[in-house]
Each structure stands twice: as structure tokens, then as C-alpha cells.
């Protein structure tokens, strides 16, 4: 499905690619760069961008060069004869020429672009595609897998796609509050999440691994810490992950104290833990909290110390996050943390 | 610059001295109640210079915060206020008042009129605009109203609903934002109507539309465009206030309202607004480039036609800000095409400027240097604009630092450069003294270097996936070094602007005396004294061509013999 730029532009295209690759050098292994696509929509956009960069780069060289030549050649010199230079008022032929040539360039650019718009946006959805619903919240992501009855948050797991077993993931996106935007540069362009509206996008990542991104539409005070992680799993990893997520929450007899605090305090109003009285939907589902590597939408690592501090005072890490400090005492904090630590 | 004096058939003897200056309070009162277009023009320019420094300081604080990952100079809340105020201020309190200030000062002089068509409306418009600015900044003191300490709007300058609704933005900060833009918007509309009326009805004898200087022509076009762009913004602000105070649900998604309607309204205003700002920059370049390469503008009719074409096409491109909101592929294709088409008339302009330079004798004075910077930077801004119009690529670049870099190339690289050029060019007309050339060149080169260090590197951040409006970023993303470079460039620009401010103030007393026509120019404002008397011209001039002063200086080879 990759687009091959037309032959005559391949040369300029590779020049542009060289230019872009210097940028790639600046990128590190965790950089959510648009220049290292790993999924069909991102590849198609990248190839188109090389083509467009080549054409616009060519225009820059020609026009910028003419401008530089004019400035150098026609600079005022002390040897200039007295009086003013010859006055030239215009030329209809020349005006026509530099109207028609840009129009032709626009036609070429437009037709190339239109092809990719339709190819990416109207790509047919394969029957086997994985459906995920993404719901944006101030300042976290909710992911629902309707076919598997799984609800999770902030860390999206999707299967890798290979030639033998193509696996596309189709996302439906909406928002529970203000506008957000879903952006994993290496996998696809961004798509906004808007309340009362369902948008869609898709990706078929070709390399397993972790892909980073974050909310790309200003959504309030902690927009910057609405981070996004996509884990592209091998088929085995993905099956195992699904299997674990489908389990109800672990009921560890050693953590009943923490559980009862969770169920008697306001925690349960906002969070869900399956199999308990907690069925709130305002905050992330915590049924398998320990299967996630980060807390607070990627704001910090998921360690017991961080978790305890987060419950004690969310403002320490993410001031403006909507989770209130519950004013728990140390004993309660220890108990709740210990309970949450059992939710593998 | 010119060392000869030409026969002054159309002007008067040097300024009749102003009436006795009086006490400070009397002079202040004189400025407050003035209806003189020149004084109002100066007020606009001083007002916007002040806010340029304020919003520039906000930008430096923003860059200080972003210099390092996970930095703690500003809190998230304060950072969000600063970038909202920076954007709002630069567009509404710096860009537009600057350009309308120049229009106020120059247009009546260029068309040989004694004042604007409606002098009192003119004063009223200025004070509305000024009050709008004060209202916006008062929010720092009164924004949170009864809820607590002071607070400025923190919703972004585009203020996407429903973030601006009461449930997400309690307190009064957002109200100040909306009211300030409504009030200054009415001021802007008044000025636009005034310029249109002035150009239509106040032109001196012999000045047909196709003999108007291009500066006046473009400001005329801009004023018409302003009338149709500010209106939807004002309407949207009223709808927002109805939502916030009268229980309306236009944008209140929780009650079935639509976020998308706000986005449409905002960009139906917002995109033509870019042209409202950039066409006056073209207008300035159209005056300065011919004078300093000593040639008539190449293709005057094409320049007029291209400006009018830009005006019309710019009304049909707004949704290129909305490629990611989930429009159909046909809509995305349409707005890709319409946006690319803007490149055609814009290209014509750039080609005509190059053709004007071609065969000239270019004098690299400070105003000309700024215009040359403008030409290169606007070329690049136009080409990155083409990249962004490619909607699939925009799905990647939208709301990233690439977009920030692109529109700062337009707003700073093109517009601010032209504003500086215009200040250096017309300062002698308004004050009678030239600004210092040495300091001017320091200003130019430092600003140019700072500009490129900041905004060239910012494109890379966008390609590497850094989104806009974030108060901090994670250290493992590969953005650290580039952000530090960007912030450093901001510092260089700050120093350059301080040199400018020093030059601007000092030259008022110490500058070289300019005389009526220091640049040996060709339009009517140079035919009267510097500064011009309140009535501009003792006897209203009569013109026979686009360059009346050329005709005076070259009676053997006048322009009218060549113009059709």
C-alpha cells in the first residue's frame, strides 16, 4: 500500500529525505517522531510528505536563488551612473507565465494529495479488524474493547500486523468532556476527540514495541501530562494481555483492609474495580492497575511509592488533575496502596 | 538622502508652528480628545509597541519554562495563562493596532486628504480598542472575580469550546477574554469602515483607484476583509457569553451543544484574520521596496488583482485548521485545494517584488533590510503553508510545533519584520527625525539571527512530535537540546527588541533632522513637511500618475506617459 513517488521526482525526493534524516539523527529511541513511520497510514503520509517537501524545496531553491541573485547583482554601487535606473512598469506575458506555472504545480500537488486523503481516510475496514473505543477525559484516556468486554486506561495494547497475519486496529474516538486529540506520530496522523461526535482512525503497526504520543489539543491545565502509550504486542503477548484483562479483579485476602477503605471512601464514586462495590466511571478503571507501567496518564512510573504519593496528594505530580486528595491518614494510605498493588 | 529640493507646487512652507504647547496636562488633554488622524495613528502605534513589549516578555517567560524538560519556572496554570495572553495580545493588541495605526497615519496623506472621512469615529474606534486591551489585562487582577485571587484567561487564544464553558472555566477570566475581544472588535470595525469611506470618498483630484499607492490599495482591501471577518468572531463571543450567563447551549456539549460550531466560527474569523494582518505587511513592502531599489513597482495592476484575489480566496480556506476534527474526505480535499490556490496570487506578489528588484539600484538601508528579511521569510512561510495544506501531512503536523513555527514565520518573519521596516521608514515623517542607522542595523541583524535560531529549529520539534500548548515535556523524547536552542534564540530576539526600543525613544530627541523627503520617495506623504501640519496640505494636491513626486522630480520623463 506504500506510494511510490513518480520517477522524475525520486531524485529531489531523496534529497529531501536526506534533509529529513538529519532531523532523525536528533531523535532518540523514545522520540515520537513523524519521520520513522511504523504503520500504513503513517507510511503513506510520510511518502507524500517527501514528495511535497521535494516540490516545495525545489520552489524555494529557484525563487530564493533568484531573489539572492537580484540582491547581489543590483546592489547600489558607487560607480553607478547618475540618475535613476530604467523604470520598468510590468509585462503581461511575464505575469501570465508566473500565474500559470504555479497553477500547474497546484494541480499536481492537489491530485497527489487527494489520492492519499481517500486512501487513508476511506480505507476499507477488514472483517478481522480489532475495534477499540477511545474516550478522552481531562487528563487521561479511556480504552474500551467492546468485543472482549475490556476497559482500561492510558496504555493501549494492540496487535502487530505482519504480511502473513494482517491485523488492523480501528479506533472510534469521542470525548467525555472537552476536546482532545489522539496522536501517535509513528502510527497515524492525529484525530480529535469531540463530545457528541464519533471520529475514527486506524493503524496496522508493523513492528512490536512501545510507541509514545500525547494529547494534541489543548484541553486544560494538565494537557501536557495527558500522555499516551501504545504497546504493539506480538500475537502471543496480545492474547495473554487480553486473557489477563478479562479476569475479574484479584481478591487477595491479605488486602481486605485496603479494599474496604476503597469501598467506603469516595474512591468508589469515580473508579471501577470489577467484582467490588466500586463502579464509578469518572476516573480510570483500576481492575488491572498493576498491569500498567505508568500512573496518572504517563505522568510517573507505576511504583508503590509513587502510587502512595499520588493517592496522598495528586497535586504533587499533576496539579490541576481532577482527582482530589482524599485526606487519608498514613495507615489508610498504606492499606489502600497495598490493596491496589494486588490488582495485577 | 536627496540633496536637492524640488519645486513644491503642491505643498506649503514648513509647518506653521503648533499653538503654544501649554502645560503637561493641557498637552495630555490634547492627545486624549484629538481627532487628528496623525495623532491617532501615533497613539495606535505607541499602544501596540507597549503591548509588543508586554507580549514579548510573556513569550520569553514561556521559553524560559520550556528551556529544560520538567522545568518548574512557571506552574501549569500560569504557563497556560501566559500562552493564552501572548497569542491574544499579539494578534488583537499588537498586530491589528499597529497596522491600523499605519493606515490611519499614512492613508489620508497618500491620497492627498486632510483627514479620515469620519474623524470622530476614528477617535472612538481607537479608544474602544484601547479599552479592550485594558479589559483583557485587567483580568490579571479581576479574572477570578469572587472565587479568589487574580487570574487571566487560560483557554488558548483559539479558546475551543466547551473548555470555555462555565463547567470547565469557572470564574471570570474567560468573560474578560470574550468581552475584551468584543470591545476591541467594535473598534476595529469602526476603523475598517472609516478607511473604506476615506479611500472611496476622500481621494484628491486626479487620484483614480488605479493611481492609488499600493499601500492604500491594500489597506482598502484589508478593511473590507476585516468587516467580514471580525463579525463572526464577535457573534461567536456573544454566543459564548449567552452560554455562560443566560443558560444558552450553543457550545455546551453536556447539554447537546456543539464544539464544532465554535471551531467553525473561530476559524471563519481566524483564517482571514491572517490575511488581515499579512496584507498590510505586503502593503508596507510595496512602498519600501520600490523606493530603495529606485524603480517603479513591477506589475501594479497584477499586484492589485492578486490582493483582491487573496481577499476572496482567503474566505474559503478556514477549515484547513480543522483537518483533524473528522471531516469527510471530500471536505478535506476541497480545503486542501482552496488553500493551495492561495499560493497562486501570493506567488505572483513575490515574483513581482523580485522583478521590481531586478535592474534596480538597491540601497540597503534599515527599512530595506527588514523588507528583504520579509521576502525570504515569507517565501519559506508560504512553502511550509503549502505543506500544511496537504491534509494528510497536516494530520501529523497540526497542533505540533511545526505549525507554531509556520505561523510565527508569517506573524514575525513577515509581519513584524514589515512593521519594523515601516517604523524605520515613516518615523522621520511622523517625528521629523531619522532613527539611528547603526543601531537599526544592529537591531536588524540580531533580530534576524534570533528569529532563525528560534523558529527554524522549531520546525524540527514539530516533525519530532512535540505538540503545542504543553507547559512541560518528558526528558526522554529527544526534544531537550532543540528546545534549549529555541529558547536561546528568543533571548537574542529580546535583546534586539530592546535595542529597537532604545533607538525608537532616543531618536526622538537625538535623531538626525530628516527634512520633508529623506528617502527621495514618490508618494504624497513625502510632499508635505515632517511632521505634517494638522491640515496635512495647505492646498490639496492634484496628481496625474501613481508616483506624483516622481513626476515632480522628473518633469522630462513623467510616469503618466507610461501608465495606461
Exercise. Kirkwood-based Rg over Rh for segment A:217-287 (C-alpha set), two decimals?
Worked result: 1.08
Seminar exercise, completed: Rounded to the nearest 5, the percent of antiparallel DSSP beta bridges in segment A:130-246 equals 65
Exercise. Viscosity 1.567 mPa s, temperature 4 °C: Stokes-Einstein D of segment B:387-467 from its Kirkwood Cα radius, in µm² per second?
Worked result: 90
For this session: Answer rounded, prolate or oblate for segment B:200-322, using the Cα gyration tensor with square roots of eigenvalues a ≥ b ≥ c: rounded when a/c is under 1.5, else prolate when a/b is larger than b/c, else oblate.
Result: prolate
Exercise. Rounded to the nearest 500 deg cm²/dmol, what is the calculated helix-only ellipticity per residue at 222 nm for chain A, with -39500 (n - 2.57) per DSSP H run of length n ≥ 4?
Worked result: -12500 deg cm²/dmol
For this session: Take each of the peptides B:396-408, A:276-288, average the number of other beta-carbon atoms within 10 Å over its residues, and list them starting from the highest.
Result: B:396-408, A:276-288
Exercise. Per q in 0.06, 0.09, 0.13, 0.15 1/Å, what log10 I(q)/I(0) does a Debye calculation on the alpha-carbon atoms of chain A return?
Worked result: -0.34, -0.62, -1.04, -1.27
Problem set entry | Helix-only CD estimate at 222 nm, as mean residue ellipticity for chain B, using -39500 (n - 2.57) per DSSP H run (n ≥ 4) | -21500 deg cm²/dmol
Exercise. Between residue B:438 and residue B:488, what FRET efficiency comes out of the Förster formula 1/(1 + (r/R0)^6) with R0 = 25 Å and r the beta carbon distance, rounded to 0.05?
Worked result: 0.50
Exercise. So for segment A:41-188: antiparallel DSSP bridges make up what percent, rounded to the nearest 5?
Worked result: 55
Problem set entry | Relative contact order %, chain A, counting alpha carbon pairs below 8 Å whose residues are six or more apart | 15
Problem set entry | Using alpha-carbon coordinates, inclination of helix A:40-73 to the longest axis of chain A, degrees | 40
Exercise. What fraction of the Cα pairs in segment A:192-344, stated in percent, has a spacing above 23 angstrom?
Worked result: 44
Problem set entry | Length-normalised contact order of segment B:24-561 in % [C-alpha pairs under 8 Å, at least 6 apart] | 17
Seminar exercise, completed: Among segment B:289-305, those whose backbone N falls under 14 Å of a label point 7 Å along Cα→Cβ from residue A:80 are B:289-296
For this session: Can you check what the Kirkwood hydrodynamic radius comes to for segment A:72-206, Cα pairs only, in Å to one decimal?
Result: 19.7
Exercise. Modelled label-to-label distance, residue A:315 and residue B:127, 7 Å Cα→beta-carbon offset: nm?
Worked result: 4.4
For this session: Assuming R0 = 30 Å, can you tell me the calculated FRET efficiency for the pair residue B:255 and residue B:235, based on Cβ-Cβ distance, to the nearest 0.05?
Result: 0.90
Exercise. Between rounded, prolate and oblate, where does segment A:253-341 land on the alpha carbon gyration tensor, with a ≥ b ≥ c its root eigenvalues, rounded for a/c under 1.5, else prolate if a/b exceeds b/c?
Worked result: rounded
Exercise. Of the listed peptides A:245-256, A:167-178, what is their order by residue-averaged count of other C-beta atoms within 10 Å, with the highest listed first?
Worked result: A:167-178, A:245-256
For this session: Please work out the FRET efficiency for the pair residue A:148 and residue A:269, using the Cβ-Cβ distance as r and a Förster radius of 25 Å; give the result to the nearest 0.05.
Result: 0.45
Problem set entry | Length released on extending from residue B:26 to residue B:331, taking residue separation times 0.36 nm less the Cα-Cα span | 103.9 nm
Seminar exercise, completed: In Å³ per residue, the alpha-carbon convex hull of chain B encloses 151
Seminar exercise, completed: Quick calc of log₁₀ I(q)/I(0), the protein assembly as shown, Debye, one scatterer on every Cα, no solvent, q values 0.04 1/Å, result -0.20
Seminar exercise, completed: Inter-chain shielding metric for B:458-465, i.e. average beta-carbon neighbours from other chains within 10 angstrom, reads 6
Exercise. Over all Cα pairs of segment A:130-246, how is the pair count split among 5 Å bins, expressed in % and running from 0 up to the last occupied bin?
Worked result: 2, 12, 22, 26, 19, 11, 5, 1, 0
For this session: Would you tell me the mean number of C-beta atoms belonging to other protein chains that fall within 10 Å of each C-beta in A:330-343, as a whole number?
Result: 0
Seminar exercise, completed: Full extension between residue B:534 and residue B:476 adds, at 0.36 nm per residue less the Cα distance, a length in nm of 14.6 nm
Seminar exercise, completed: In Å, the C-alpha Rg and Dmax of segment A:179-225 are 11.9, 35
For this session: With everything on Cα atoms, drop me the angle between helix B:259-293 and the longest principal axis of chain B, reported from 0 to 90° to the nearest 10.
Result: 30
Exercise. Normalised by the number of residues in segment A:130-246, what is the relative contact order in percent for Cα pairs under 8 Å and 6+ residues apart?
Worked result: 29
For this session: Would you please classify the overall shape of segment B:337-403 from the alpha carbon gyration tensor, given that a ≥ b ≥ c denote the square roots of the eigenvalues, rounded means a/c under 1.5, and beyond that prolate means a/b larger than b/c while oblate covers the rest?
Result: oblate
Seminar exercise, completed: To the nearest 10 degrees, the tilt of helix B:480-510 (Cα long axis) against the first principal axis of the alpha carbons of chain B is 30
Problem set entry | Shielding by partners, peptide A:48-54 (average Cβ within 10 angstrom, other chains) | 4
Exercise. Share of antiparallel DSSP beta bridges in the protein assembly as shown, in percent to the nearest 5?
Worked result: 65
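Coordinate-derived values only; no laboratory data. It should be emphasised that the depicted structure is a prediction, and the values quoted were computed from it without experimental measurement. Note that we place each Cβ from the backbone using ideal geometry, even for glycine, and neighbour counts take in every protein chain shown.
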